[in-house]
Amino acid sequence: MAISLQDQLLKAGLANKQQAKKAKQQKKKEKKGQAPVDDGEQQAALEAARKAKLEKDRELNRLREAEQAQKAAVAEVRQLLKQHAIRLPERAETRYNFVHEKTIKSLWIDPSLLNQLARGQLLIAFFDDRYLVIPAEIGDRIDLRLPNVVLPRPEPEQPAEDDPYADYRIPDDLMW
């Protein structure tokens, strides 16, 4: 004779006698039609589940929209950089050093670009593992979309209060 599933579960230790007894009682109640049905609780549970699903869907939609907005901003920045990047001269004789993420980087530029970079008319952008020279107005527009693409403008150094040479200004394009 075949052993019932309930007996097999008891023998394997996956269920205990109390669980088996409770399952038998539940099964008998369902057969007789005496299973407890509380419409109020069931409706409340359904409403709570519906609200939870609606909230989850809203959160997923918000995340999806944020992701799409980020992709659109990246595409727009890529297009702005492609259209407005200033082409660096092939035979540049001046090496321009700048700091990016605590590392000194350099670009080879000509004196006119050096002068514009020193005055803040041009900025350096880092995007897609490349450094690009762009006009300051475009840098401001890019900064609104993706804040970490354009490198910060060089800040003018403030001389110390007791510096005897404070009145003598060092030119930005002075090369040592």
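Computed from the coordinates by the stated procedures, all read-outs in this text should not be read as laboratory data. Computed from a predicted model, the values in this text were never measured in an experiment. Please note: Cβ atoms are built from the backbone with ideal geometry, for glycine as well, and neighbour counts cover all protein chains shown.
Here are the numbers:
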read-out: Longest segment of the chain lacking trypsin sites (Lys or Arg not before Pro) that sit in a DSSP loop with at most 12 other Cβ atoms within 10 Å; value: 1-86
read-out: Where the Cα pairs of the chain fall when distances are cut into 5 Å bins, in %; value: 1, 6, 9, 10, 9, 7, 6, 5, 4, 4, 4, 3, 4, 5, 5, 5, 4, 4, 2, 1, 0, 0
read-out: GluC sites (Glu not before Pro) lying in DSSP loop within the range 73-176, provided at most 13 other Cβ fall within 10 Å; value: 90, 93, 101, 157, 161
read-out: Calculated [θ] (222 nm, deg cm²/dmol) that DSSP helices of n ≥ 4 give over the chain, each run adding -39,500 (n - 2.57); value: -17000 deg cm²/dmol
read-out: Residue 105 long-range amide H proximity, modeled H, under 5 Å; value: 98, 99, 100
read-out: Label-reachable residues, the range 133-151, where backbone N falls under 14 Å from a point 7 Å from residue 63's Cα toward its Cβ; value: none
read-out: Values of log10 I(q)/I(0), in the order q = 0.19 Å⁻¹, for the range 52-155 under a Debye, Cα-only, solvent-free model; value: -0.93
read-out: Distance (nanometres) between label positions extended 7 Å along Cα→Cβ at residue 49 and residue 15; value: 2.3
